[in-house]
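To start, the structure under review is shown below, and the notes come after it.
The values are calculated or read from the model by the stated rules, or taken from the named source; none is laboratory data. These numbers come from a predicted model, not from an experiment. Positions of Cβ are generated from backbone atoms using ideal geometry, with glycine treated the same way; all protein chains shown enter the neighbour counts.
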Amino acid sequence: MLDVTRPAFGHNWRVAIEFSERIRRIPVYPAAGAYAGSAPPVRLASNESPYPPIQPVIDAITRSLAGLNRYPDPTNALLRGRLAERYGVPAARIAIGNGSCDILLAAGEALLEPGAEVVYAWPSFSVYPHLSAASGARAIAVALDGEERHDLDAMLEQITVATRLVIVCNPNNPTSTAVALGQIKDFVERVPPYVCVILDEAYCEFNLLEDPDDSIELLEHHPNLVLLRTFSKVHGLCGLRVGFALCGSEDLPRAVDQVRQPFFCNALAQAAAIEALNHQDVVEDRVMRTIAERGAMEQGLRGLGLTPAESQANFCWFELPVERPEDAAERETQVMRGLEDRGVLVRGGSALGKQGALRVSYGTPEENVRFLAALAEVL
Ligand SMILES: Cc1ncc(COP(=O)(O)O)c(C=O)c1O
C-alpha cells in the first residue's frame with residue numbers, strides 16, 4: 001500500500017528510494033559463491049555440464065555474430081520449428097525462454113495473483129518461492145517423502161479451488177531423486193483441469209527411470225500440462241540462456257509471451273540451440289559419461305560413510321552426519337570451507353532448503369576424484 005503520510009521533501013532531505021511491497025517479499029536467489037574473485041578450479045556448485053559446447057555449436061554462434069546489429073527473431077520461429085520436429089509437438093504449443101527459468105517466472109506472472117495458490121514440493125528448485133512472492137499468491141510447499149522424493153499424494157491434497165499452478169520437479173533439484181512416469185501420469189490425471197501443471201524436466205535426460213521422450217505423450221491428454229526443458233544442462237549451454245516448454249495447449253505459450261519483453265531470447269542462443277538439436281549423439285555420449293560418474297561418486301561417498309539420495313540427475317545430494325541436529329548448519333559451513341580451501345566449490349543445503357546437506361554436481365572424472373579426496377580430508 002502506498003504510504004501518503006510522509007512529509008514533503010526539503011532540499012536537504014536524504015532518503016533511500018522506496019521500493020514496492022513485492023520487492024520486500026521476493027527472496028534473493030542464492031547464487032553460488034566465487035564469481036567475483038578467482039573461482040576455485042573445481043566448480044561443482046551449479047549443476048552445469050563440465051563439457052564445453054561442441055565445435056558445430058560454436059561455429060553456429062560465430063556465424064550469428066555478424067548479424068548482431070539486428071534484433072533476434074521475437075517469434076523464435078526456426079527454433080520452435082526444429083523443436084516441433086524433434087519432439088512431435090506443434091510449434092504453436094512450444095514456448096521459448098531466456099533459460100527455462102524465464103518461462104517459469106513468466107508463467108508465475110501469467111497465472112498467479114493475490115488470492116491464488118501455487119503448490120510445489122520442498123526442498124525443490126530455489127526459484128519456485130519467487131513465483132508466489134512476486135505475485136502475492138499463496139505458496140504451499142509440501143515436504144518431500146522420507147526418500148527425498150516428491151510426495152504426489154500429499155501435493156494433491158493441497159489443491160483447492162484457488163490453486164492455479166502445481167510444479168513438480170522431476171528429477172528434483174536439489175535432492176536429485178525422481179518419481180516414475182507412471183506416478184506422474186496418475187497425478188496429472190487427478191489434478192483438476194483448471195490447474196496448470198508444470199513438470200520441470202531440466203534434468204530429464206539423466207533420468208534412467210524413463211526415456212525423456214516418454215512424458216511428451218501426456219501432453220495429448222492434458223491441455224493443462226507443461227513440460228519445462230532447457231539447453232542449460234545436458235547441452236551445456238547455460239551461459240547463453242535458452243530453454244523451452246512443450247505444452248498441452250497454445251494457451252500457456254501465448255500467455256508467457258504476453259507478460260515478457262518481445263526479444264527475450266537472444267540471436268546467439270537461438271542459433272546455438274538450433275544447432276545443438278542436430279547432435280543427439282552428443283547428448284547420449286554426455287548422458288553415458290554422467291551416469292558413469294554418478295556410479296563412481298555414489299561409490300566414493302558410500303566409502304566415506306555417507307548416504308547419498310538415489311540420483312537420477314547430474315548431481316548428488318547427501319546429509320553430513322552430525323551428533324546433534326542443531327550442529328547441522330555449522331557442520332555444513334565447516335565442510336564447505338574445507339572444500340573451498342582445497343579448490344572445490346559445492347552448494348550447501350542451507351541455501352536450498354535443508355541445513356547440513358550438500359549438493360554436488362558431477363564434474364569430469366578428474367574433478368570428481370579431486371572432490372572425493374578433498375571431502376575425505378575434510379571429514
Ligand atoms: C530444476 C531446474 N529448473 C530450471 C532450471 C533453470 O535452468 P535454465 O534457466 O538455465 O534453463 C534449473 C537450473 O538450475 C533447475 O535446476
Q.
Going residue by residue through the stretch 181-201, is there one that turns out to be within 23 Å of G146 (Cβ to Cβ), crowded, with 21+ Cβ neighbours inside 10 Å, among the charged types (D, E, K, R) and within 16 Å of the ligand (Cβ to nearest atom)?
A. yes
Q) Within the set of pairs 6+ apart or on separate chains, which have a first residue in the stretch 145-160 that is in contact (Cβ under 8 Å) with a residue 24 or more places away in the chain, a second that is of a type in the set (F, W, Y), and C-beta atoms under 6 Å apart? A) L152/F187
Q: Mind telling me which of the residues E275, E250, E284 ends up being more than 16 Å from the ligand (Cβ to nearest atom), at pLDDT 95 or above, buried (at least 17 other Cβ atoms within 10 Å of the Cβ) and acidic (D, E)?
A: E275
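Confirm whether D251 is in contact (Cβ under 8 Å) with a residue 40 or more places away in the chain, assigned by TED's automatic domain parsing to the domain that holds A106 and out of contact with any Pro (no Cβ under 6 Å at 6 or more places or on another chain).
Details: in contact (Cβ under 8 Å) with a residue 40 or more places away in the chain: no; assigned by TED's automatic domain parsing to the domain that holds A106: yes; out of contact with any Pro (no Cβ under 6 Å at 6 or more places or on another chain): yes.
No; evaluated as a whole, the condition is false for this residue.
Could you tell me whether any residue of the stretch 168-190 is of a type in the set (G, A, S), over 25 Å from K354 (Cβ atoms) and within 21 Å of the chain's Cα centre (by Cα)?
Applying the first criterion (of a type in the set (G, A, S)) to the stretch 168-190 yields 176, 178, 180, 182.
The next check asks that each one be over 25 Å from K354 (Cβ atoms); those that pass are 182.
Right, trim to within 21 Å of the chain's Cα centre (by Cα) and you get none.
No, that holds for no residue.
Please work out if E113 is among the charged types (D, E, K, R) and within 16 Å of the ligand (Cβ to nearest atom).
On the way: among the charged types (D, E, K, R): yes; within 16 Å of the ligand (Cβ to nearest atom): no.
Answer is no for this residue.
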